[in-house]
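First up is the structure itself, then whatever we jot down about it.
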Amino acid sequence: MVLKGQFLERSTLIPVGSEVMEGVAHRGDERPPLLVLPPRPEDGGGMDHVIGAELAFAAASAGHPTLRFNYRGVGGSQGERGSGEALLQDAEAALGVVLENARSPAAAVAALHGSARVALEASGRAIPRRRACAW
């Protein structure tokens, strides 16, 4: 039983191509939802990075839906570790899931370490597709 004020993390599957990434989500009614991009695989990071996990918990505590995930090849995510275009595809897939689950046209994105570059590159690609997002 979940009591008011408790924040239940839910395992989330994020399809990207023929593979699936693992994620952790919190539900919420406030907007915007928050997508946390973990440090890139070459930086040795994942969704359990202490800053990303605490940030997601703080946003969930304020009522915002959140999603944090592992890039392909990290933790329980399928596939090979990638860079460049592969990381962009992973971030876009995670963005699609958080927008769909929150039924929101926009999301806030927090990017840790080298994933800031991924977020900036993905933001330029998201807007022309009319997938509005606040990066």
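Quick rundown of the values:
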{"quantity": "Those residues of the stretch 5-38 which are under 18 Å from GLU85 (Cα atoms), part of a loop (DSSP other than H, G, I, E, B) and touching a residue at least 24 places away in the same chain (Cβ under 8 Å), in sequence order", "calculated": "GLY17, PRO38"}
{"quantity": "Helices (runs of 4 or more DSSP H) wholly inside the stretch 39-132 that include at least 2 residues being at pLDDT below 95, over 19 Å from VAL24 (Cα atoms) and within 14 Å of the chain's Cα centre (by Cα)", "calculated": "115-126"}
{"quantity": "Residue in the stretch 46-74 that is farthest from ALA102 (Cα to Cα), counting only those that are open to solvent by less than 10 Å² (accessible area, probe 1.4 Å) and of a type in the set (Gly, Ala, Ser)", "calculated": "GLY52"}
{"quantity": "Residue within the stretch 46-68 that is among the aromatic types (Phe, Trp, Tyr) and in contact with a helix residue (DSSP H, G or I) (Cβ under 6 Å, 6 or more places away or on another chain) present", "calculated": "no"}
{"quantity": "Candidate set: the stretch 82-92, residues that are out of contact with any Leu (no Cβ under 7 Å at 6 or more places or on another chain) and buried (at least 16 other Cβ atoms within 10 Å of the Cβ); chosen: the one farthest from ILE14 (Cα to Cα)", "calculated": "GLY82"}
{"quantity": "Residue satisfying all of: in the stretch 93-119; free of Cβ contacts under 8 Å to residues at least 60 places away in the same chain and closer than 17 Å to PRO32 by Cα; surrounded by the most Cβ atoms within 10 Å (Cβ to Cβ) among these", "calculated": "GLY96"}
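The values are calculated or read from the model by the stated rules, or taken from the named source; none is laboratory data. Keep in mind that what you see is a predicted model, and the values were worked out from it rather than measured. Here Cβ is always computed from backbone atoms with ideal geometry, including for glycine, and neighbour counts include all displayed protein chains. Ligands, DNA and RNA are excluded from the accessible area calculation, which covers all protein heavy atoms including side chains. Shrake-Rupley method; radii C 1.70, N 1.55, O 1.52, S 1.80 Å.
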